[in-house]
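Following: one structure in structure tokens, then a few remarks.
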Amino acid sequence: MACVLAIDAGNSSTTLALYDGVRAAVAVKTVVRGGISAARGDCAIAIRKAFAAADAEGSRVEAAMLASVTPAVNSAWQRLVAEEAGLELGFVRHDMAIPFRFGYPHPESTGADRIADMAALAVLTPKV
């Protein structure tokens with residue numbers, strides 16, 4: 001089964017979660033206070049933990065995506081994901097393929113965390 005490593009890089013902490021692409025279930029979730037700037041080693045451990053959880057369930061991490069509200073850390077995350085996981089890091093952006101349309105006049109100013117939240121809601125909310 002394929003999994004995605006989702007990284008939410010906020011201003012004061014970073015959350016890493018492993019998502020099962022079929023059920024959209026969280027297999028493992030780790031919060032790193034201070035994020036990659038303050039705790040790079042903890043971020044590396046969180047990536048390893050996610051991969052170990054996938055292995056334990058017979059799954060494989062096939063992609064990594066970053067939703068970042070702190071653009072200054074994006075390149076550090078790119079390097080760390082490449083080093084630890086051998087994956088090219090994708091970025092949540094307003095112009096990526098997403099399951100909804102923006103009704104906002106300036107979608108480029110929408111934070112990646114909000115875009116990820118809206119995409120999850122669009123996918124996980126039952127259709128009425």
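Just so you know, all these numbers are worked out from the coordinates, no wet-lab data involved. Keep in mind it's a predicted model, so treat the numbers as computed, not measured. Here Cβ is always computed from backbone atoms with ideal geometry, including for glycine, and neighbour counts include all displayed protein chains.
Could you derive backbone 3J(HN,Hα) for segment 43-54 from the dihedral phi with the Karplus parameters 6.51, -1.76 and 1.60 (θ = phi - 60°), listing whole Hz in sequence and x where the residue is Gly or Pro?
5, 4, 4, 5, 5, 4, 4, 5, 5, 5, 5, 5
Place the peptides 28-37, 95-104 in order of packing, highest mean first, counting for every residue the other Cβ atoms within 10 Å and averaging per peptide. Present the calculation step by step, with values, prior to reporting the outcome.
Working: 28-37: 17.0, 95-104: 10.2.
Output ranking for 28-37, 95-104: 28-37, 95-104.
Apply the a/c threshold of 1.5 to the C-alpha gyration tensor of segment 23-103 and tell me whether it is rounded, prolate or oblate. Intermediate results must be reported in sequence, preceding the final value.
Values: a/c = 1.81, a/b = 1.15, b/c = 1.57.
Verdict is oblate for segment 23-103.
Please give, to one decimal in nm, the separation of the simple spin-label points placed at A39 and V69, each 7 Å out from Cα toward the Cβ.
Computed distance between label sites A39 and V69 equals 1.8 nm.
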